[in-house]
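Scroll down for the structure; my scribbles are underneath it.
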Amino acid sequence: VHGDLHFDNFLVDISQMPMIKFILFDPRGLDYNYAYDLGKLWHSFHSKYDIYHEGLFELKHHFKERNLRSELNFTDKSIVSKYNNIGKTFEKVLKDIPALKKDKHWLLRTQFSEMAHLCSVMPFHIKYDKKENLAIALYLVGVKLANEFLKR
């Protein structure tokens, strides 16, 4: 298990096409199962973590009574489409992996891991700029995922 597998932590070597090599770096080497790593990847293409991390979003928020109201939108729709396509392709590839075929709950455990990652990254993205849009956006995505997970 890599322990921190997301798009920022691997390179893709296409120099020997059609063979593609993935070069992993920044391993934490924690003793988790594969759902942890899959959740990290899921948060890259499904939750669009990298797009948020690059600042390609707009966040509007305010409090109404005691409730937070927010609107979160991406500013680059073409990259969102690319990430959606990556997600669709990735899911197709994963369905053919023997270990995942044996685990009928792999997707649910992966989605839980994705949600946990998003809910926990907020403190690492505080910029002390009196706006904290990135930290707030990532937390909001995590809360949305938690609500969706609980509904499932």
Select, from Leu138, Leu150, the only residue that is hydrophobic (A, V, I, L, M, F, W, C) and open to solvent by less than 20 Å² (accessible area, probe 1.4 Å). Leu138
Checking Leu38 against (1) within 17 Å of Asp8 (Cβ to Cβ); (2) free of Cβ contacts under 8 Å to residues at least 60 places away in the same chain, only one condition comes out false. Which one? (2)
Could we say that Glu114 is modelled with pLDDT under 95, touching a Ser or Thr at 6+ places or on another chain (Cβ under 7 Å), surrounded by 11 or more Cβ atoms within 10 Å (Cβ to Cβ) and not polar (S, T, N, Q) here? yes
For region 50-70, how many residues are open to solvent by 20 Å² or more (accessible area, probe 1.4 Å) and hydroxyl-bearing (Ser, Thr, Tyr)? 1
Can you find a residue that is hydroxyl-bearing (Ser, Thr, Tyr), over 17 Å from His43 (Cα atoms) and surrounded by fewer than 16 Cβ atoms within 10 Å (Cβ to Cβ) anywhere in region 118-130? yes
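The values are calculated or read from the model by the stated rules, or taken from the named source; none is laboratory data. Owing to the predicted nature of the structure, the values given are computational and were not obtained by experimental measurement. Please note: Cβ atoms are built from the backbone with ideal geometry, for glycine as well, and neighbour counts cover all protein chains shown. Heads up: the accessible areas ignore ligands, DNA and RNA and are worked out on the full protein's heavy atoms, side chains in. Shrake-Rupley method; radii C 1.70, N 1.55, O 1.52, S 1.80 Å.
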